[in-house]
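A short write-up of the structure that comes next.
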Ligand code: CP3
C-alpha cells in the first residue's frame, strides 16, 4: 500500500491522494442512497450502507485511501447526548451547561453502541482493493467540546471559550473524559481493520493561543500515547485546523506521522519549517476545486512543486463542498497522476 508505506517512512514517486469528505453530497450516488434513511445517525450506524458509501468514491476515482463513512458526532451521541442533523441548519445537540449533567456510559457499553462502525470498517476493508488504505477517525477533544457546549456548530465559539476561562477545572475534566472515549473509539476501529487513524480537530484555531499547549497539544499527545500503550501501531494523521504558525510548536511535541494542512497555511513555510520526518497532507482550497480549469491547474502545480522534496499526501485543506462538480475531481486526479 503506497499510502501506508509513505506514512511509515518510504518515499513515493507521486503523492498519494484522497479528499476529505470524499464520500458525500457532491456525488449523485451518495444522494440517492442517503434518501433511504431519514436519520443521518441511523445511516452512519448501518454497516452495509456505510460500507457502500465509503466505496462509492473509490469506484469512481480510485483514490489511494478511503475513509470510513461515519461522523465525529457519533462520540457525543454514544456518551448519551442528543445529536440531530437538521437539513439546512447542521448538527444540533443538547447543550451541555455543566459537567454534572453528563451521565457517562462505561467503556464496554460505549464500544457496543459504536460496534456498527467497527462492523462497517471490517466489511469495507474486505471489499476495498488491497492497495487502497482505509482510514478510521475521530474528532479531537476540543472540537467535540465545542459541539457539546455550543449545542451545535458555531461561528465564534463564545460558549466553549467561556468554559475555558470561567470553568477551567470542569473544562479539563470534560476534555479528559472525551479523550478516553476517543481512544476507545479509535481502538475499536483499529481492531476492526483500519490501516490508518486520523484525528480531526477542526476548530483547534478557536482556542486562544495561550491555552493551546494545554487544550490542543496536550490532549493530542495523550491520545497518541494512550493508543501506543494499548499496542496500536497504526500511523496517525492529525488535523489541528487553524493553527497556522502554531503548527511548528505543535509538530515538535505531537508524535503523529502526518500533519494535515488547511488552505490558510502558507505551504512554502510549512515545507521549509516543519520537521522533515513528518508527512504533510494538503492543501488545495475546496473552493478552487469548485472552479476547476486553469486556475486549479496552476494551484495544483504549485502544491506539487512546493512539496516535491518532502513526503506529501495530496488533499484539500478542508472537506469537499456539496456544490463541487464530480468531473472536477477527475480532472484533479489526472493532474496529480500525470
Ligand atoms: O468521506 C468522508 O470524509 C467520511 C465521512 C465524514 C463525515 N463527517 C460524513 C458526513 C467525516 C470524516 C466527517 C467528519 C466531521 N463531521 C467533521 C470533521 C471534519 C471537518 O469537516 O472539519 C465535522 C466538524 C463533522 C460534523 C458534521 N457532520 C457537520 C458540520 C455536518 C454537516 C451538517 C450539514 O447539514 O451541513 C455533518 C454531517 C455529515 N457528515 C455529512 C456527511 C457526508 C452530510 C450530511 C448528510 O448527508 O445529510
### Query
Applying the selection to region 145-159, what residues are in contact with a helix residue (DSSP H, G or I) (Cβ under 7 Å, 6 or more places away or on another chain) and either part of a strand (DSSP E or B) or closer than 12 Å to residue 204 by Cβ (or both)?
145, 146, 157
### Query
Just one of the numbered conditions (1) away from the ligand (no atom under 16 Å from the Cβ); (2) assigned to a helix (DSSP H, G or I); (3) more than 27 Å from residue 57 (Cβ to Cβ) is not true of residue 231; which one?
(2)
## Note on the structure
When residue 152 is run through (1) within 16 Å of the ligand (Cβ to nearest atom); (2) crowded, with 22+ Cβ neighbours inside 10 Å, the failure sits at (2)
#### Entry: strands (runs of 3 or more DSSP E) within region 30-134 that include 3 or more residues in contact with a helix residue (DSSP H, G or I) (Cβ under 9 Å, 6 or more places away or on another chain), within 21 Å of residue 203 (Cα to Cα) and within 16 Å of the ligand (Cβ to nearest atom)
83-86
### Task
With respect to residue 13, determine if the residue is under 28 Å from residue 315 (Cα atoms), part of a helix (DSSP H, G or I) and more than 16 Å from the ligand (Cβ to nearest atom).
no
### Summary
Of the residues in region 72-87 that are closer than 16 Å to residue 24 by Cβ and surrounded by fewer than 19 Cβ atoms within 10 Å (Cβ to Cβ), the one that is nearest to the chain's Cα centre (by Cα) is 85
### Task
Output the residues belonging to region 16-29 that are over 25 Å from residue 258 (Cβ atoms) and more than 10 Å from the ligand (Cβ to nearest atom).
28, 29
### Query
What are the residue pairs meeting all of these: first residue in region 125-142, first residue within 19 Å of residue 232 (Cα to Cα), second residue modelled with pLDDT under 95 and buried (at least 21 other Cβ atoms within 10 Å of the Cβ), Cβ atoms under 6 Å, and 6 or more apart or on different chains?
none
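The values are calculated or read from the model by the stated rules, or taken from the named source; none is laboratory data. Computed from a predicted model, the values in this text were never measured in an experiment. With ideal geometry, Cβ positions are generated from the backbone for all residues, glycine too; neighbour counts draw on all protein chains shown.
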